[in-house]
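K.L.:
I'd like to ask you about the structure that follows.
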Amino acid sequence: MTVAMMLDAKGHDTITISQDATLADAANLLAENRIGAVLAVDDSGSMTGILSERDIIKFLARDGAAALEASVSNSMTRNVVTCQKRDSIEAVAAMMGEGRLRHVPVMHGGELAGIISVSDVVKHRMAQVSKEAEELKRYIMEGAA
């Protein structure tokens, strides 16, 4: 299965935030949408970074409540690891494991096409294992008959 197929099944919606917004704004956006990361964009809508729950916690632990007034641009990860729609889910899962990534933006033709989370990958793998178990059970039952 490719990333494109997963996005078609789960949706291409991607939540973004201005890189000029505050961490408080980002925390509210994450909570409202029940997501773990948000993509930061500039005035033209181009992705400039990613901000995760972990990033916010790190700055809160370091700076206390004052961290919430910091801008997203000062707190986000700028060198964002991305994948392509044509990539396999297995390749993205390996990349996530190696990089300890929970969210990977999906690019297509230089444009943001969606985002894949580790939970999306786990759900896919669980469905795959369940399907394989059913096929194996059917094979065994046919062989016993």
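K.L.:
Estimate the FRET efficiency between Ile35 and Glu135 by the formula 1/(1 + (r/R0)^6), using the beta-carbon distance for r and 41 Å for R0, to the nearest 0.05.
P.N.:
Working: r = 34 Å, r/R0 = 0.82.
With a Förster radius of 41 Å, E is 0.75.
K.L.:
Assigning unit charges at the beta carbon (Lys, Arg +1; Asp, Glu -1) and nothing else, what dipole magnitude in debye, to the nearest 20, does the chain show about its Cα centre?
P.N.:
Values: 15 positive and 20 negative charges, 98 e Å.
With only Lys, Arg, Asp and Glu charged at Cβ, the dipole is about 460 debye.
K.L.:
If each DSSP helix of 4+ residues adds -39,500 (n - 2.57) and the sum is divided by the residues in the chain, what number results at 222 nm, nearest 500 deg cm²/dmol? Display every interim value, and only then the final one.
P.N.:
Working: 5 runs with 68 residues, N = 145.
My calculation for the chain gives -15000 deg cm²/dmol from helical runs alone.
K.L.:
Still on this structure: Here are a few candidate values for P(r) over Cα pairs in 10 Å bins from 0, in percent: [x] 11, 43, 38, 8, 0; [y] 12, 41, 28, 14, 5, 0; [z] 11, 36, 29, 14, 6, 4, 1. Which one was actually calculated from the structure I just gave you?
P.N.:
[z]
K.L.:
Could you give the size of the charge dipole of region 45-106 about its Cα centre, using +1 on the Cβ of each K and R and -1 on the Cβ of each D and E, expressed in debye and rounded to the nearest 20? Before the final figure, lay out each step's value.
P.N.:
Numbers: 8 positive and 7 negative charges, 17 e Å.
Here region 45-106 has a charge dipole of around 80 debye.
K.L.:
Quick one: net charge of Ser46's neighbours, Cβ under 13 Å, K/R +1, D/E -1? Write down the numbers at each step before the final one.
P.N.:
Working: positive: Arg78; negative: Asp42, Asp43, Glu111.
With Lys, Arg at +1 and Asp, Glu at -1, the neighbours total -2.
K.L.:
Next up: Taking amide H positions as placed in the peptide plane 1.01 Å from N, state which residues far from Ile115 in sequence (5 or more) or on other chains have amide H under 5 Å from it.
P.N.:
For Ile115, the qualifying residues are Val106.
K.L.:
Further, regarding this structure: Tell me the per residue accessible area of region 30-84 using a 1.4 Å probe; a whole number in Å² is fine. It would help to have the intermediate numbers written out before the result.
P.N.:
Details: 3120 Å² over 55 residues.
It amounts to 57 Å² per residue over region 30-84.
K.L.:
Just the number, please: percent antiparallel of the DSSP beta bridges in the chain, rounded to the nearest 5.
P.N.:
Antiparallel bridges make up about 75 percent of those DSSP assigns within the chain.
K.L.:
Round to the nearest 0.05 the FRET efficiency obtained for Ala9 and Ala94 when R0 = 22 Å and r is the Cβ-Cβ distance.
P.N.:
0.60
K.L.:
If you roll a 1.4 Å probe over the chain with all protein chains in place, what percent of the accessible area is carbon or sulfur? Numbers along the way, then the final one.
P.N.:
Details: 4680 of 8850 Å².
The computed percentage sits at 53.
K.L.:
Follow-up question, since we're still on this one. Short version: ³J(HN,Hα) in whole Hz for each residue of region 65-76, in order, from phi by Karplus 6.51 cos²θ - 1.76 cosθ + 1.60 (θ = phi - 60°), x for Gly and Pro, what are they?
P.N.:
Listing the rounded values in order: 4, 4, 4, 5, 8, 5, 7, 4, 4, 8, 10, 7 Hz.
The values are calculated or read from the model by the stated rules, or taken from the named source; none is laboratory data. Computed from a predicted model, the values in this text were never measured in an experiment. FYI the Cβ positions are ideal-geometry reconstructions off the backbone, even for glycines, and counts take in every protein chain you see. Side chains included, ligands, DNA and RNA excluded: accessible areas come from the protein's heavy atoms. Shrake-Rupley method; radii C 1.70, N 1.55, O 1.52, S 1.80 Å.
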